[in-house]
1. Is it the case that A317 is closer than 25 Å to W187 by Cβ and hydrophobic (A, V, I, L, M, F, W, C)?
2. If I60 satisfies all but one of (1) among the β-branched types (V, I, T); (2) within 29 Å of M213 (Cα to Cα); (3) modelled with pLDDT of 95 or more, what's the number of the condition it fails?
3. Name the residues in region 164-182 that are within 19 Å of R248 (Cβ to Cβ), surrounded by fewer than 20 Cβ atoms within 10 Å (Cβ to Cβ) and touching a helix residue (DSSP H, G or I) at 6+ places or on another chain (Cβ under 9 Å), would you?
4. Looking only at region 101-136, filter to residues that are modelled with pLDDT of 95 or more, of a type in the set (A, V, I, L, M, F, W, C) and in contact with a His (Cβ under 8 Å, 6 or more places away or on another chain); which one of those is surrounded by the fewest Cβ atoms within 10 Å (Cβ to Cβ)?
5. Taking the residues in region 242-257 that are buried (at least 19 other Cβ atoms within 10 Å of the Cβ) and of a type in the set (S, T, N, Q) as candidates, determine which candidate is farthest from D293 (Cα to Cα).
6. Scan region 45-57 and report the pairs whose first residue is within 19 Å of K93 (Cβ to Cβ) and whose second residue is among the small types (G, A, S), with Cβ atoms within less than 8 Å and a gap of 6+ or a chain change.
7. Scan region 347-381 residue by residue and report those that are in contact with a Lys or Arg (Cβ under 9 Å, 6 or more places away or on another chain), surrounded by fewer than 22 Cβ atoms within 10 Å (Cβ to Cβ) and under 21 Å from F303 (Cβ atoms).
8. Only one residue in P191, P203, P199 is out of contact with any His (no Cβ under 7 Å at 6 or more places or on another chain), closer than 30 Å to L374 by Cα, not assigned by TED's automatic domain parsing to the domain that holds Q51 and not aromatic (F, W, Y), so which one is that?
Amino acid sequence: MRKFLSAIALVLFYVSLGVAQTSITPQQVLARVLQQTPAQAAWFAPVFLAQIQPAQVDAIVKQYTGTLGAFQRADATSDGFTLVMEKGTAPAKIHLDAEGRIDGLWFGAPSPSKPVSLEDAMKEISTLPGKSAALVLEEGKPLVSLHPEDALAVGSAFKLAILAAAQQQTAAGKLRLDQTFALKKEWKSLPSGVLQGWPDGTPLTLATLENEMISISDNTGADAMLSIVGRDQAEKLALRNKPFLSTREAFVLKAKSNSALLERYRKADESERRALLAEVDMQPLPETSQFSDAPTATDIEWFFTPEELCSLAAKAADATAFQINPGLANRAQWRQVAFKGGSEGGVLNMTTALMGKNGKHYCVAVTWNNDAALEQAKFFGIYGSILNTLAKSSSQ
């Protein structure tokens, strides 16, 4: 849900700042970051250190080496580098200033090279601290699972319910993908996304809103879609999430400045909560400075079981919005990919509905909740290994 937590990659800080002029190569700097700890402040430009501290870089590197083993080399690609490590690979981007200091750095999702059985993947998930739930389906039947009926917080994966409701209304002729809506001020939320920065009144098609909501998890797009399809219609697909919160409402309730309002909401029953939303909607949108990466009021969330997420993904799988961002799946290995993930402090989910080369339908839904920071690289490594295993079996 938040800008500072990515659903499919670990983003440290990356911006394009022009062509660097320095004698040290990006490959050499990547090797230093991944092999020499602790990271030194002198390695980084001030613009980087204003966002990320060396200790945070060390923590990310520890996750990657813990998942993929020792760093071996960095191979150049068309848009960055592939980190070749002892047990797999990961994409990376780096930018250096004129003095050879890092002013942009990005590490993508790890891909373990060794095939992992689905059973072993479930065992790995079961060792994650906190609570976890997972389900892998083939033609609607479980191949493996771990607490598949447990409803955990899933972050922005809740947007699958909104998309599924929109798909139903489009099929019924109540909505059209080319239908235009004027962007309203009350729809604007905090990032992730870009629509919050667009002018009020900007005409947006339903297709644009769906694309933004799914491909970059645009929160403003999601709140617009929720308003368009109706909260009551989303709730029909998410029975335990009543009232079904917009992202703006969730941010307001989680904000440090609204702690008294949060406590009133927590103590209220469903009807009282619905009444309180009018007061929530009157509050100003909080500043991003009120939030951190630490788990914050994770009871103010959206709760789904892996079974429910796979059902929603199947309902919405034909949406064109899924053609933009495949998540961790290699689209070339599948006939169809429908991905949505979600994350915030202490919450991580990935859900992918797929059609294999063999024509069979699959779904992989994994959720992890904890009251401490999550090792995202480890989670992505496990999830990616499940997809790779299924891709190999479905190609036969």
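The values are calculated or read from the model by the stated rules, or taken from the named source; none is laboratory data. These figures come from a predicted structure and were not determined experimentally. Glycine gets a Cβ as well: all are built from the backbone with ideal geometry, and neighbour counts include every protein chain shown.
1. It is false that A317 is closer than 25 Å to W187 by Cβ and hydrophobic (A, V, I, L, M, F, W, C).
2. Among (1) among the β-branched types (V, I, T); (2) within 29 Å of M213 (Cα to Cα); (3) modelled with pLDDT of 95 or more, the lone unmet condition for I60 is (3).
3. Within region 164-182, F181 is the sole residue that qualifies.
4. Within region 101-136, the match that is surrounded by the fewest Cβ atoms within 10 Å (Cβ to Cβ) is A133.
5. Selected residue: S246.
6. Note: pairs meeting the criteria are F48/G104; L49/A41; P54/A39; P54/A41; V57/A39.
7. N370
8. From the options P191, P203, P199, the qualifying one is P191.
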